[in-house]
Amino acid sequence: LRSENGKAGLDYLKKRELSDSTINSFGLGYATQSTGNLYKLLKDKGYDDDILKESGLFTYERGIHEKFWNRVIFPIMDINNKVIGFGGRVMGDAKPKYLNSPETRLFDKSRNLYGLNIARMSRKPNMIICEGYMDVISMHQAGFNQAVASLGTALTPGHARLLKRYTDNVLITYDSDEAGVKAALRAIPMLKGVGLTTRVVNLRPYKDPDEFIQHEGCEAFEKRLEEAENSVLYEIRMKERDFDLADPQGKSDFLHEAVRRLVAIEDEIERNSYLEAVAGKYGIAVEVLRKQVGQMALSGAGRTERVKPRNTAANKKEKEGGVEKAQKLMLTWMTSYPALIGKLEKYITPADFTTPLYHQIAEMIVLQYHEGGVNPAKLLNQFVDSEEQKEVAGLFNARIPLETEEEKRRALHDVICNMKENSIAYQSAHMNVTDMAALQKLMADKKSLERWKAGELPDFAF
């Protein structure tokens, strides 16, 4: 970097106003336009081609070529300061502008974050997630040494879990353009999903943190961090762009979208806080908004919309999806309120779960209940297939997003009726018509279902 051959790289870094200390701290370097030196160096050190192929530093198509040339080099380090890969920024207008090492046995992009080796030692009360190497370096030089970036990929659940090891609070400083907004909207649910409090920093009128700091300085950037917007309110505000709020219908449609986001908040206290904030901001009575949230939550927890049947393949698929949804909901009720299982058995049994996996889970839950208590973690351990584990874990982690006793009773009533109706249809289609006992049971189930739909169900207590 500091040789005559590296002048282009050093000039670029100096133009970006990086100090010698920062350049040294991040180990920045330069790969010259001429190639072959790195390969010769490593061969002279005794490395064979099998190892060099695995390193990701060379291509072996039509000869051996170095991947990084005419680029400023950013070493990528793991949390123990070991170099596991490289990033390179091309000098000039060639494409791609940034090039990263491919994944290797050492370098897993979804499990590493650029700058985390330094940021994890920061004493700051949060971490800042941004998009690129230069953003991280610029922020660290300005004193914000809690900044990290994903490595040429979108943020992943693995990144979110990695961040959770070191902080409870994350600030998102993605680019302020449309791509950055979309990236932030994708990242928010991942970060919140692992229990991270998440806020979004407004960088406008500048595109990224590096540009903002160069123009406005550290104090102004610190102020923007302090003013970062709550991520849920940010998600709702971004929805505004899809509607004309000056038009009554547009505002109504927007508020229904806002309600849909509020329904997804499981914690009652948290949801009420957001209800008040959204109602105040958009000029709607909080009780009206609360009623809408309750109605939408109720419709999503067991009530089905009556639509005219369509005799199409898509309708068949939709119907099959509805059958599975009812069974999933019932399993969620059983794991959320195990004390109900004794009463539920009079109406719904494992035989009513027609999807094989759900039937198996239902049998295991009922067995556990009769043996002294439902233990979802113990059940989950009995599944070895990763896809099954994922689905079962989703069932056990789901929550019933309803607040009042009456809403819960009505929703459970609907799920029971839907489940039984689906079960009767399945048994009718698969039964042996000469089996009189099965036929009599089917007729009895149909009569019971008619009574339940008329309201004859116990007063379930939650």
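Selection of first residues in the range 90-102 that are free of Cβ contacts under 8 Å to residues at least 24 places away in the same chain and of second residues that are surrounded by 16 or more Cβ atoms within 10 Å (Cβ to Cβ), restricted to Cβ pairs under 6 Å at least 6 apart or on distinct chains, gives the following pairs, ordered by first then second residue: Val90/Arg71; Lys97/Val90.
Count of the range 207-221 residues, restricted to those that are surrounded by 14 or more Cβ atoms within 10 Å (Cβ to Cβ) and without any contact (Cβ under 8 Å) to a residue 24 or more places away in the chain, is 3. Consider the range 42-57 and keep the residues that are under 20 Å from Gly87 (Cα atoms) and open to solvent by 70 Å² or more (accessible area, probe 1.4 Å). The one that is farthest from the chain's Cα centre (by Cα) is Ile51. Residue pairs whose Cβ atoms lie under 6 Å apart, sitting 6 or more positions apart in sequence or on different chains, and linking a residue in the range 9-36 that is of a type in the set (Ser, Thr, Tyr) to a partner that is assigned to a helix (DSSP H, G or I), are Thr22/Gln141; Tyr30/Gly6; Tyr30/Gly9; Thr32/Asn5.
Looking only at residues in the range 222-240 that are open to solvent by less than 70 Å² (accessible area, probe 1.4 Å) and of a type in the set (D, E, K, R), which one is farthest from the chain's Cα centre (by Cα)?
Arg224
Applying the selection to the range 132-167, what residues are small (Gly, Ala, Ser), buried (at least 24 other Cβ atoms within 10 Å of the Cβ), touching a residue at least 40 places away in the same chain (Cβ under 8 Å) and in contact with a strand residue (DSSP E or B) (Cβ under 6 Å, 6 or more places away or on another chain)? Once the filter is applied, which keeps residues that are small (Gly, Ala, Ser), buried (at least 24 other Cβ atoms within 10 Å of the Cβ), touching a residue at least 40 places away in the same chain (Cβ under 8 Å) and in contact with a strand residue (DSSP E or B) (Cβ under 6 Å, 6 or more places away or on another chain), the range 132-167 yields only Ala147. The single condition from (1) closer than 27 Å to Ile73 by Cα; (2) over 23 Å from the mean Cα position of the chain (by Cα); (3) not β-branched (Val, Ile, Thr) that Arg204 fails is (1).
Would you confirm whether any residue within the range 224-235 is modelled with pLDDT of 90 or more and within 18 Å of Ser150 (Cβ to Cβ)?
From the range 224-235, those modelled with pLDDT of 90 or more are 224-235; that's our starting set.
Remaining after also requiring within 18 Å of Ser150 (Cβ to Cβ): 231.
Yes, because at least one residue in the range 224-235 is modelled with pLDDT of 90 or more and within 18 Å of Ser150 (Cβ to Cβ).
Pull up the range 168-206, narrow it to residues that are of a type in the set (Gly, Ala, Ser) and within 13 Å of Glu131 (Cα to Cα), then point me to the one that is most open to solvent (accessible area, probe 1.4 Å). So the residue we want is Ala179. Checking the stated criteria, Gly87 turns out to be among the small types (Gly, Ala, Ser) and touching a Ser or Thr at 6+ places or on another chain (Cβ under 9 Å).
The values are calculated or read from the model by the stated rules, or taken from the named source; none is laboratory data. This structure is a prediction, so every number in the text was calculated from the model and none was measured. We place every Cβ from the backbone using ideal geometry, glycine too, and count neighbours over all the protein chains shown. The accessibility values were calculated without ligands, DNA or RNA, using every heavy atom of the protein model including side chains. Shrake-Rupley method; radii C 1.70, N 1.55, O 1.52, S 1.80 Å.
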